[in-house]
Structures are given as C-alpha cells and as structure tokens.
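The values are calculated or read from the model by the stated rules, or taken from the named source; none is laboratory data. Because the structure is predicted, anything quoted here is derived from the model rather than measured. Note that each Cβ is placed from the backbone with ideal geometry, even for glycine, and that neighbours are counted across all protein chains shown.
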C-alpha cells in the first residue's frame, strides 16, 4: 500500500470511528477498502472538526462571547470537542435565514465536569477574500451536569436541556484545512429559575477538515 493510500485509509477509519461515536451507521467500516469519507459525504457531512477547549471560563455579562481573560485558567484545558457539519437541502426558507449548516457536536470533559451533546445552526461568513471567516452558532445542548445543589467546583444548570450560542473565528489554511478559535455559552436564559442559571462557557482551538 502506498503512503498516500495508507494515509487515506487511516483518515477513512478515523471518520468511521467518529461516525460511530455519534451513532451514525458505518456498516462495514472496518472492511478493507471501505471509503468512510465517501459514506460521510453521502450522509451530507461536509466537514469534520475537532479540538481542545478551556472549561468554565467567565465572559462579560453584557458581551457574552467576550472572554474575561483574568478568569482563564490554563490548567482547564479539559474538553475534547468533536463536531460533524452537515449540508442542509437547499430551500427558499433556508436561503432567507442565511443558508446555515447543521452542526452535531460532542464535548467530553476529561475530569468529570460538564460534558454535552450539541445540535446547532452554523452560519459561515467569509471576510472578503482574506481566508478569514466568522461563524455564529445557535442551537441547544443536553448535558450531564448538576441541575441544582452543585458542589463548589460545579455549576447549577437548572435544566437538562440548555440553549447554546457561540462563535468561530477562523482561517482557511488550505482548501481543505481550517483553524479556528471557538467560544460558546450554554444556559437556560432564566427559564428554569434565577438561582440555577450559572451557565457554562468554553473557549478553545479547533481544526476543521472539509470532505467535499
């Protein structure tokens, strides 16, 4: 097997593993010659993203996506974040709301704090021809954290399902590869009580790989 084919095989198996992680069918993903990337494209997956995130940072009350850098603890690189981005069918309705992609993401906390699964709309906005892009995100999460009566190092999150919004600021390194800084916030917007709306903020760096 050539080096190029070997790399393609490893990349395909990596995609198959991530698809299995999200409960997507992979069929005979382990079979020799199986093209997991082609199957992912057939399911509408246009991009794979992964990275590491700082957990439990603080953001400005009036600018919720602006990180308060004095709250950043570099010992809190605690979250592995993986996301699959899906192209949605073209329609007039989606066109009028900016033609977002659908992001299915999971964040696993290494030290037993809040982990989550997320489903959100992701809008890709290129900044002219610079390779820089901005991506607002809006959706919801389900988490495994405390709803109330949390210990001192945890958050009272009030509801099992939370609203989520965030932003990616990135750069397209090549036609396939991108790098980005991501910040995101999850909370219930006071729908489950004022005393249990601590919310969770995360920020970090991710890489993206386009499949199309």
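Results, tabulated for the structure shown:
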| read-out | value |
| --- | --- |
| Flag if residue 98 is within 20 Å of residue 140 (Cβ to Cβ) and assigned to a loop (DSSP other than H, G, I, E, B) | yes |
| Conditions (1) modelled with pLDDT of 95 or more; (2) under 23 Å from residue 99 (Cα atoms); number of the one not met by residue 160 | (2) |
| Verdict on residue 173 being surrounded by 14 or more Cβ atoms within 10 Å (Cβ to Cβ) and at pLDDT 95 or above | no |
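Results for (1) in contact with a strand residue (DSSP E or B) (Cβ under 9 Å, 6 or more places away or on another chain); (2) crowded, with 16+ Cβ neighbours inside 10 Å; (3) at pLDDT below 90, shown as yes or no for each residue.
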residue: 54; (1), (2), (3): yes, yes, no
residue: 57; (1), (2), (3): yes, yes, yes
residue: 61; (1), (2), (3): no, no, yes
residue: 68; (1), (2), (3): yes, no, yes
residue: 73; (1), (2), (3): yes, no, yes
residue: 92; (1), (2), (3): no, no, no
residue: 96; (1), (2), (3): no, no, no
